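Please find one structure pasted underneath; my questions will follow.
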Amino acid sequence: MALFDILKQTITGKPTGITEPTFIRDECDAQIQIDKMEEVKKTAPPETARRIEHDIKLLTYGISGENNVAYELKHSYMPILILRDLYLEHKGLTAQIDFVVIDTNFILVIECKKMVGDIQVTDAGEFIRLFKNSSGKIYKKEGIYSPLVQNERHLELIKNILCDNMAGLTVRKCKDVLHSIVVFANPKTLLNMKSAKADVKKAIIRCDQLIAHMKNLHDKNKNGYWFPESGMYRVAEVLMSYHKDNPVDYTQKYNLSLP
């Protein structure tokens, strides 16, 4: 990057070549999985076919949620780089990550959730899904794995990858620039976080709050560690180098015999 461009970016806080949200990876591997499951379902026994159909519906619902988040990112008008649907492997650990957003002042790991039912978060940090009938009466409750714990693991893996591969990016600096957020992408889902602790409330937002959250992150981190445009692309390049295909053997998953 030319000295003039670096000086300009230092003054404005914006990259010179990236003028809008730019997807480095905009693929959704879940759709590939659905296509394979549809093929397997054709020859599966009726009971197994129903199970496959249920799993397809869940994946389809998840894709819909990711698409909602992708729409918000594309319309953020921010000069950012975006990686979608990464499957990272590093030192024996793996992580399936919905989105990574790379800004001059932050790296944001997004976990997208689109669920049927309302979500209640307790003071102990437990996530409970509530199912209601047409009259609004709760007929079922179930605990779900904390998306915050899941995203913290993703964050830790990314931190290790970047610290191992980017000169000058220390663990301390990673802590300053790396952030995570859980986005609930179903507009009909009600989030009850009255009893949740303050740090939990800050880590969960609705889809329509995502752009404001990112702009706030950018402004808050203006005086900290920042990436020149070349650094932004370097982060994307490093993460993409650890992205692997995640093939699923559906005959084994559904205990089917090969023809």
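The values are calculated or read from the model by the stated rules, or taken from the named source; none is laboratory data. Just so it is clear, the structure is predicted and the values come from calculations on it, not from any experiment. Positions of Cβ are generated from backbone atoms using ideal geometry, with glycine treated the same way; all protein chains shown enter the neighbour counts.
Return the residue satisfying two criteria in turn: it lies in the range 202-227 and is part of a loop (DSSP other than H, G, I, E, B) and touching a helix residue (DSSP H, G or I) at 6+ places or on another chain (Cβ under 6 Å), and of such residues it is nearest to Leu148 (Cα to Cα).
Ala203
Please verify whether Lys114 is in contact (Cβ under 8 Å) with a residue 60 or more places away in the chain and basic (Lys, Arg), treating the condition exactly as stated.
Here the answer is yes, as Lys114 does meet what is asked.
Step by step: first the residues of the range 153-184, then only those that are surrounded by fewer than 20 Cβ atoms within 10 Å (Cβ to Cβ) and small (Gly, Ala, Ser), then the one that is nearest to Leu239 (Cα to Cα). Which residue is that?
In this case the residue turns out to be Ala167.
With the requirement that a residue be over 10 Å from Thr122 (Cα atoms), outside any strand (DSSP E or B) and in contact with a strand residue (DSSP E or B) (Cβ under 9 Å, 6 or more places away or on another chain), what does the range 190-199 give you?
Leu190
Step by step: first the residues of the range 48-61, then only those that are under 10 Å from Tyr254 (Cβ atoms) and without any contact (Cβ under 8 Å) to a residue 24 or more places away in the chain, then the one that is surrounded by the fewest Cβ atoms within 10 Å (Cβ to Cβ). Which residue is that?
Ala49
Criterion first (on the phi < 0 side of the Ramachandran plot, assigned to a strand (DSSP E or B) and in contact (Cβ under 8 Å) with a residue 24 or more places away in the chain) does Phe99 satisfy it?
yes
Is one or more of the residues making up the range 231-243 under 27 Å from Gly168 (Cβ atoms), outside any helix (DSSP H, G or I) and without any contact (Cβ under 8 Å) to a residue 12 or more places away in the chain?
Checking the range 231-243: not a single residue is under 27 Å from Gly168 (Cβ atoms), outside any helix (DSSP H, G or I) and without any contact (Cβ under 8 Å) to a residue 12 or more places away in the chain.
Thr104 passes all but one of (1) among the β-branched types (Val, Ile, Thr); (2) under 30 Å from Thr19 (Cα atoms); (3) under 18 Å from the mean Cα position of the chain (by Cα); (4) at pLDDT below 95; which number fails?
(3)
Let me ask another. Look through the range 1-45, keep the residues that are modelled with pLDDT of 70 or more, farther than 24 Å from Asn246 by Cα and loosely packed, with under 13 Cβ neighbours inside 10 Å, and return whichever of them is farthest from the chain's Cα centre (by Cα).
Among those residues, the one meeting the criterion is Pro45.
Do the conditions hold for Ile211, that is, is it within 25 Å of Thr19 (Cβ to Cβ) and touching a residue at least 60 places away in the same chain (Cβ under 8 Å)?
The answer is yes for Ile211.
So, one more: Return the pair list, or none, for Cβ contacts closer than 6 Å from residues in the range 134-160 that are basic (Lys, Arg) to residues that are at pLDDT 90 or above, at least 6 apart or on different chains.
From residues that are basic (Lys, Arg), the pairs are Lys141/Ile128; Lys159/Leu178.
Ile181 - would you say it is in contact with a strand residue (DSSP E or B) (Cβ under 9 Å, 6 or more places away or on another chain), farther than 27 Å from Tyr77 by Cα and of a type in the set (A, V, I, L, M, F, W, C)?
no
Select from the range 204-259 the residues that are surrounded by fewer than 18 Cβ atoms within 10 Å (Cβ to Cβ) and of a type in the set (Val, Ile, Thr) and write down the one among them that is nearest to Lys14 (Cα to Cα).
Per the criteria, the residue is Ile211.
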